[in-house]
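> Handing you this structure, nothing more for now.
The values are calculated or read from the model by the stated rules, or taken from the named source; none is laboratory data. Since we're looking at a predicted model, the values are computed, not measured. All Cβ positions, even for glycine, are placed from backbone atoms using ideal geometry, and neighbour counts span all protein chains on display.
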Amino acid sequence: MTTVADVEIRSAAGTDVEAALEVWRAAKAADGARPPAARTAQVRDELSAAQALLVVAADGEDVVGMALGVPGVAEDGSTEPDLLHVPMLVVHPAARRQGVGSALAEGLADAAYPRGARRLAAWARTAAAEAFYAACGLEPTGEEQVSADGTREVQYAAELDPPMRELAVRERGLRLGQLLKLAGLVDTGAQGKALLEAGGVQVNGEVELRRGRQLDDGDVVVAREQAVQVVLPPE
């Protein structure tokens, strides 16, 4: 049995497109559907499209889940580069209900942010899908649509945060100015001072202006569209 602790969430590469397609096929079969060859070919093209962002969940050499993101489209037909739409998020039937889907949603959001996306949106076709997206932190936007097969769909969306990374230090007493340099957010103390004075640094969601602020274990510092969580040694 696959658990979320067993899987690696990563951007797709090489043969992952075919592996992701097999996950989609297995999910369709488990749900009692047998998509025609034309639909299968269409999904393959969607997974491998140049603008597509494909993230997979891998258990060793086996792909057990996939999530696809594509640029959002405005009402006038133009693309919205700050919006990533999620047309597919699929987990292999053997790996369902183990947290893989939530990990895929988080991985897709983390991969989307460096590409310029600042919002994530998806259409939910079932009550189960609505519950899933709500559990992932998305909220209903109030927009609804009817799909080609007559199914009512509800849109869920969320603002994206910068991907989090941890910074472990050997000694306690870490100051904010020190962290900015250690984390590679600035190259010099002068750059750090300027960034702070411009209001470009947040600690735990609030703007911080003091270079000398002492940081605690678990504090989250956000600057230059990067998020760093402080990991201090035990007292």
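> Out of all the residues in region 6-44, which are farther than 15 Å from VAL91 by Cα and surrounded by fewer than 11 Cβ atoms within 10 Å (Cβ to Cβ)?
Across region 6-44, the qualifying residues are ALA13, GLY14, THR15, GLY32, ALA33, ARG34, PRO36, ALA37, ALA38.
> Among the residues of region 134-143, is any surrounded by fewer than 16 Cβ atoms within 10 Å (Cβ to Cβ) and of a type in the set (S, T, N, Q)?
Within region 134-143, one or more residues are surrounded by fewer than 16 Cβ atoms within 10 Å (Cβ to Cβ) and of a type in the set (S, T, N, Q).
> Same structure again: Given (1) in contact with a strand residue (DSSP E or B) (Cβ under 8 Å, 6 or more places away or on another chain); (2) buried (at least 16 other Cβ atoms within 10 Å of the Cβ); (3) in contact (Cβ under 8 Å) with a residue 24 or more places away in the chain, where does MET164 come up short, assuming only one miss?
(2)
> Name the residues in region 67-92 that are modelled with pLDDT under 95 and not in a strand (DSSP E or B), would you?
Within region 67-92, ALA74, GLU75, ASP76, GLY77, SER78 qualify.
> Which residues, counting only those in region 111-126, are without any contact (Cβ under 8 Å) to a residue 60 or more places away in the chain, surrounded by 12 or more Cβ atoms within 10 Å (Cβ to Cβ) and part of a helix (DSSP H, G or I)?
Hit for region 111-126 is ALA112, nothing else.
> Does ASP45 satisfy being charged (D, E, K, R) and touching a residue at least 12 places away in the same chain (Cβ under 8 Å)?
So ASP45 fails the test.
> Let me ask something else about it. Could you tell me how many of the residues in region 52-73 are without any contact (Cβ under 8 Å) to a residue 60 or more places away in the chain and in contact with a helix residue (DSSP H, G or I) (Cβ under 7 Å, 6 or more places away or on another chain)?
Matching residues across region 52-73 total 12.
> Taking region 127-160 as the region of interest, how many residues are touching a residue at least 12 places away in the same chain (Cβ under 8 Å) and either in a helix (DSSP H, G or I) or of a type in the set (A, V, I, L, M, F, W, C) (or both)?
11
> If we scan region 161-183, do we find a residue that is of a type in the set (Gly, Ala, Ser), part of a helix (DSSP H, G or I) and more than 20 Å from TYR113 (Cα to Cα)?
Yes, region 161-183 contains at least one residue that is of a type in the set (Gly, Ala, Ser), part of a helix (DSSP H, G or I) and more than 20 Å from TYR113 (Cα to Cα).
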